[in-house]
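One structure below.
The values are calculated or read from the model by the stated rules, or taken from the named source; none is laboratory data. As the structure is a computational prediction, the values presented were derived from the model and not from experiment. Every residue, glycine as well, gets a Cβ built from its backbone with ideal geometry; the counts of neighbours run over all protein chains shown.
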Amino acid sequence: MKHQRRLAVALMLLGAPLPALATMPGTCAAPVDLVRLQTQLPRTTLRLAQHSALRIVALGSSSTSGTGASTPAHAYPSQLADALHYRLPADAINVVNKGIDGETSVDMLARLDRDVLALGPDLVVWQVGTNAVLRNDDLGRDLAVVRDGVRRLKSAGIDVILMDLQYAPRVLDHANYPVVEIGIATIAGQEGISVFRRFDIMRYWLREGQLDFTTMLSPDQLHLNDESYGCIGWLLADSIVQKAGTAVLTSRR
């Protein structure tokens with residue numbers, strides 16, 4: 001595992017082409033096309049280029065707060081921070097976990113000023129949509145709220161990544177989940193931001209036999225566990241570094 005991480009960093013520093021698979025701790029490799037972000041992260045890139053402190057806020061519900069993890073240090077935002085510090089050890093990077101269990105986009109938008117904008121982040125990773133599906137909410141309303149939140153973040157000059165649903169039995173049991181998946185992708189495309197494709201990445205692990213629902217999820221068949229939160233954190237770090245950090249690493253050689 002450590003050898004794989006060192007090799008990945010060495011390849012980036014040497015400007016070598018990316019492999020067909022982004023390899024992470026354990027068995028959670030994923031195709032680069034699934035991990036690659038669709039748009040630039042201008043503010044994040046600028047912070048890294050200037051060696052300025054980079055602040056990331058992880059906004060979301062229970063799969064951001066870390067339900068299913070053995071400790072808060074194993075939630076995906078903490079593991080994202082570890083992965084970014086490993087890849088960019090010279091940079092001051094702070095990842096703030098603002099996940100609250102059970103929330104929908106409506107709840108998150110209500111605390112956007114207090115929990116996000118007041119912190120002055122450079123990048124917000126917004127995990128959203130699962131609870132709306134599980135509760136059979138008015139999905140059109142929830143998606144409209146997501147769009148509103150994205151626009152508020154963009155108007156503040158903040159880079160935004162949306163994180164979509166988890167691929168899990170309790171989500172798949174609801175026939176309405178494609179509405180949210182399509183809605184999130186549509187909002188991202190129209191607003192010029194990226195989606196971290198958690199749903200497709202987890203489905204890939206399952207289909208390729210790298211992980212199954214038992215090893216990928218906590219016993220509730222919904223939330224991730226220490227290993228899969230780690231996989232998400234490391235793959236998301238790859239996404240960010242590939243988009244915002246590669247040019248910075250090249251300029252430092």
> Which condition number does Q38 fail, the rest of (1) modelled with pLDDT under 95; (2) under 16 Å from D164 (Cα atoms) being met?
Replying inline: (1)
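So is D148 of a type in the set (D, E), within 22 Å of Q40 (Cβ to Cβ) and surrounded by fewer than 23 Cβ atoms within 10 Å (Cβ to Cβ) or not? Before you say what the answer is, go through the steps one by one.
Details: of a type in the set (D, E): yes; within 22 Å of Q40 (Cβ to Cβ): no; surrounded by fewer than 23 Cβ atoms within 10 Å (Cβ to Cβ): yes.
Taking the combined requirement at face value, the residue does not satisfy it.
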> What's the number of the condition G157 fails, among (1) over 27 Å from R135 (Cα atoms); (2) among the small types (G, A, S); (3) in a helix (DSSP H, G or I); (4) modelled with pLDDT of 95 or more?
Replying inline: (3)
>> Kindly evaluate Q50 against the criterion of being without any contact (Cβ under 8 Å) to a residue 12 or more places away in the chain and farther than 30 Å from P219 by Cβ.
In response: yes
> In region 58-105, which residues are within 14 Å of L236 (Cβ to Cβ) and in contact with a Pro (Cβ under 7 Å, 6 or more places away or on another chain)?
Replying inline: A58, T64, S78, V95, N97
> Mind checking which residues of region 46-74 are among the aliphatic types (A, V, I, L, M) and touching a Leu at 6+ places or on another chain (Cβ under 9 Å)?
Replying inline: L48, L54, I56, V57, A58, L59, A69
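One residue is enough: does region 190-208 have a residue meeting the conditions of a type in the set (G, A, S) and in contact with a strand residue (DSSP E or B) (Cβ under 6 Å, 6 or more places away or on another chain)?
Yes; the residues of region 190-208 include at least one that is of a type in the set (G, A, S) and in contact with a strand residue (DSSP E or B) (Cβ under 6 Å, 6 or more places away or on another chain).
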> Is one or more of the residues making up region 78-98 part of a helix (DSSP H, G or I), modelled with pLDDT under 95 and either aromatic (F, W, Y) or closer than 22 Å to Q221 by Cα (or both)?
Replying inline: yes
> Regarding A69, is this residue assigned to a loop (DSSP other than H, G, I, E, B), within 26 Å of L48 (Cα to Cα) and among the hydrophobic types (A, V, I, L, M, F, W, C)?
Replying inline: no
> When W126 is evaluated against the numbered criteria (1) on the phi > 0 side of the Ramachandran plot; (2) buried (at least 19 other Cβ atoms within 10 Å of the Cβ); (3) not β-branched (V, I, T), which criterion, by number, is the only one it fails?
Replying inline: (1)
> Out of all the residues in region 160-190, which are crowded, with 17+ Cβ neighbours inside 10 Å and in a helix (DSSP H, G or I)?
Replying inline: V171, Y177, V179, V180, E181, G183, I184, I187, A188
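Could you tell me whether V35 is under 12 Å from the mean Cα position of the chain (by Cα), farther than 23 Å from G149 by Cβ and surrounded by 16 or more Cβ atoms within 10 Å (Cβ to Cβ)?
Working: under 12 Å from the mean Cα position of the chain (by Cα): yes; farther than 23 Å from G149 by Cβ: yes; surrounded by 16 or more Cβ atoms within 10 Å (Cβ to Cβ): yes.
Yes.
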